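Reading through the structure tokens given below for one structure.
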Amino acid sequence: MLRTASLLAASLALSAALIHPAQAKVTVSISCSSLGIEMELCRDGAQAWAKQTGNEVKLVSTPADAQERLALYQSLLAAKSDKIDIFQIDVVWPGILANQFLDLNQFIEPAKLDGYFQTLIANNTVDGKLVAVPWFVDAGMLYYRKDLLDKYGLKAPETWADLEAAAKQVMAGEQGIEGYVFQGRSYEGLVCNALEWIVSNGGGGLLDNGGQASFNNPQATAAVDRAKTWIGGIAPQGVLSYDEEQARGAFQSGKAVFMRNWPYAWALVNAPDSPVKDKVGVVPLPKGDGDKAVHTGTLGGQSLAVSKYSANPKEAVDLVLYLAGAEEEKRRAVKGAFNPSLKSVYNEPELKDDAFFSTFSKILESVATRPAAVAGKGYNQFSSQFVRAVHATLQGQGSAADNFASIRTSWK
Ligand code: GLC
């Protein structure tokens with residue numbers, strides 16, 4: 001009896017070993033952004049992978065501010081630290097950080113990459129090297145209070161002038177409500193907002209294909225000068241220090257009619273405990289004036305890269321593919337409104353039949369891209385100079401044309 005039991009145990013151990021060949025358990029550390037519920041979703045996904053593979057994961061939290069996160073990454077990578085295996089990187093960082101990451105083409109079969117938006121794969125490819133696997137796509141969108149617009153017989157705004165008029169009308173009739181909140185702090189988020197104002201007003205992208213500044217033109221400067229008139233008017237003075245979460249805080253607590261934000265805010269403003277649950281609509285951001293005016297939203301989004309200094313690159317790539325796999329992308333979309341980088345996930349019924357994802361797909365057709373590819377390693381410096389000029393204008397320190405004139409003109 002004893003013998004049969006031990007034989008059985010031995011054969012069970014053998015078959016377990018065959019299923020999971022004797023592989024040392026490793027710990028893979030991953031750094032995720034902490035915007036909204038990103039950290040929580042990242043942790044759940046990484047832990048599910050750990051359970052499935054028998055490995056361990058360690059989450060490294062980072063600042064929510066994109067620029068601060070980049071600075072942290074740069075210092076860790078410059079020190080060749082092996083503390084973080086996987087880095088969540090912004091759509092505008094591949095050129096800046098390419099040298100510090102593994103070429104994922106060496107680890108992933110080409111067929112496995114076919115399902116991703118190829119524009120994102122191209123965005124993440126620097127000199128033939130695949131720096132990161134796309135994880136989710138962002139684009140700026142306009143959130144509005146359906147209930148308040150209905151109350152005043154207003155429709156969602158088509159143009160910035162419509163938005164200004166609607167904001168003023170509701171503010172005049174309601175106590176303690178702001179018209180418009182957005183990301184006005186001097187950081188990457190303001191680059192995204194300003195690009196939207198400029199492109200929507202027919203002012204073009206910020207750099208041309210040769211890396212020359214193209215933003216100092218009348219439509220572009222008019223768009224930024226117009227945004228200046230919002231401060232202390234339809235937008236609170238404090239918007240000059242708002243990031244995504246501060247804008248969401250104001251809007252979600254019912255203190256603003258309109259908000260510019262990324263898709264992640266959708267899941268949160270509609271969370272069970274949100275004071276504005278079911279009172280919010282989303283549309284493309286307004287367009288400006290003139291024939292060249294268009295609806296647009298800045299393209300954002302994040303990808304997963306593996307550090308060159310990782311001690312466990314194989315497992316790290318495996319976790320990247322798990323997180324950016326169909327099942328996990330769908331879970332993140334349903335729970336957090338993170339828009340998949342895998343095209344097929346949009347055909348899942350939970351997304352296909354949902355008005356939010358249809359609106360987002362429409363916005364994706366006319367996104368504005370920041371000039372990260374053309375500026376390459378210099379993008380961060382470009383972004384800092386540009387955003388300083390925009391922020392100074394919003395603060396009332398000179399016109400957009402004067403402030404733009406102080407920026408370096410060649411970024412190649
Ligand atoms: C979001 C976007 C990213 C952008 C950042 C700005 O995280 O995904 O692309 O740079 O916001 O704050």
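For residue 361, the conditions (1) surrounded by fewer than 22 Cβ atoms within 10 Å (Cβ to Cβ); (2) in contact (Cβ under 8 Å) with a residue 24 or more places away in the chain all hold with the exception of (2). So is residue 166 buried (at least 17 other Cβ atoms within 10 Å of the Cβ), more than 16 Å from the ligand (Cβ to nearest atom) and assigned to a loop (DSSP other than H, G, I, E, B) or not? It is false that residue 166 is buried (at least 17 other Cβ atoms within 10 Å of the Cβ), more than 16 Å from the ligand (Cβ to nearest atom) and assigned to a loop (DSSP other than H, G, I, E, B). Inside segment 196-216, residues that are open to solvent by 30 Å² or more (accessible area, probe 1.4 Å), polar (S, T, N, Q) and not in a strand (DSSP E or B) make up a count of 3. Among residues of segment 386-404 that are assigned to a loop (DSSP other than H, G, I, E, B), those with a beta-carbon under 7 Å from a residue that is open to solvent by 30 Å² or more (accessible area, probe 1.4 Å) at least six positions away or on a different chain give the pairs 396/228; 399/225.
Can you say whether residue 43 is under 19 Å from the mean Cα position of the chain (by Cα), more than 16 Å from the ligand (Cβ to nearest atom) and assigned to a helix (DSSP H, G or I), as far as the supplied structure shows? So residue 43 passes the test.
The single condition among (1) open to solvent by less than 40 Å² (accessible area, probe 1.4 Å); (2) within 16 Å of the ligand (Cβ to nearest atom); (3) in a helix (DSSP H, G or I) that residue 35 does not satisfy is (3). Among the residues of segment 402-412, just one is of a type in the set (A, V, I, L, M, F, W, C) and open to solvent by 40 Å² or more (accessible area, probe 1.4 Å), namely 405. Restricting segment 47-64 to residues that are within 16 Å of the ligand (Cβ to nearest atom) and of a type in the set (S, T, N, Q), the residue that is least open to solvent (accessible area, probe 1.4 Å) is 62. Those helices (runs of 4 or more DSSP H) of segment 265-355 in which at least 3 residues are open to solvent by less than 70 Å² (accessible area, probe 1.4 Å), considering only elements entirely within it, cover 313-323, 326-336. Would segment 309-317 turn up any residue that is closer than 19 Å to residue 96 by Cβ, in the same structural domain as residue 47 (by TED's automatic domain parsing) and touching a Ser or Thr at 6+ places or on another chain (Cβ under 8 Å)? Yes, because at least one residue in segment 309-317 is closer than 19 Å to residue 96 by Cβ, in the same structural domain as residue 47 (by TED's automatic domain parsing) and touching a Ser or Thr at 6+ places or on another chain (Cβ under 8 Å).
Within segment 126-158, the set of residues being within 18 Å of the chain's Cα centre (by Cα) and farther than 16 Å from residue 286 by Cβ comprises 131, 132, 133, 134, 135, 136, 137, 138.
Assess whether residue 242 counts as being within 15 Å of the ligand (Cβ to nearest atom), over 30 Å from residue 56 (Cα atoms) and assigned by TED's automatic domain parsing to the domain that holds residue 191. Yes; evaluated as a whole, the condition is true for this residue. Counting residues in segment 230-237 that are within 15 Å of the ligand (Cβ to nearest atom), more than 20 Å from residue 388 (Cβ to Cβ) and either open to solvent by 10 Å² or more (accessible area, probe 1.4 Å) or free of Cβ contacts under 8 Å to residues at least 12 places away in the same chain (or both) gives zero.
Quick one: is residue 67 under 15 Å from the mean Cα position of the chain (by Cα) and either open to solvent by 10 Å² or more (accessible area, probe 1.4 Å) or free of Cβ contacts under 8 Å to residues at least 12 places away in the same chain (or both)? It is true that residue 67 is under 15 Å from the mean Cα position of the chain (by Cα) and either open to solvent by 10 Å² or more (accessible area, probe 1.4 Å) or free of Cβ contacts under 8 Å to residues at least 12 places away in the same chain (or both).
Please indicate, with yes or no, whether at least one residue in segment 174-194 is among the basic types (Lys, Arg) and within 16 Å of the ligand (Cβ to nearest atom). The answer is yes, given that some residue of segment 174-194 is among the basic types (Lys, Arg) and within 16 Å of the ligand (Cβ to nearest atom). Evaluation of residue 88 against the conditions (1) in contact (Cβ under 8 Å) with a residue 40 or more places away in the chain; (2) farther than 21 Å from residue 188 by Cα shows that the sole unmet condition is (2). So which residues in segment 169-195 are hydroxyl-bearing (Ser, Thr, Tyr) and either open to solvent by less than 20 Å² (accessible area, probe 1.4 Å) or within 15 Å of residue 236 (Cα to Cα) (or both)? Those that are hydroxyl-bearing (Ser, Thr, Tyr) and either open to solvent by less than 20 Å² (accessible area, probe 1.4 Å) or within 15 Å of residue 236 (Cα to Cα) (or both): 180, 187.
Could you go through segment 314-337 and let me know if any residue there is at pLDDT 95 or above and under 30 Å from residue 203 (Cβ atoms). The answer is yes; a qualifying residue exists.
The values are calculated or read from the model by the stated rules, or taken from the named source; none is laboratory data. Every value quoted in this text rests on a predicted model; they were computed, and no experiment measured them. When we count neighbours, we look across all protein chains shown, and the Cβ atoms used for this are built from the backbone with ideal geometry, even at glycine. When the accessible area is computed, the model is the full protein with side chains, heavy atoms only, and any ligands, DNA or RNA have been set aside. Shrake-Rupley method; radii C 1.70, N 1.55, O 1.52, S 1.80 Å.
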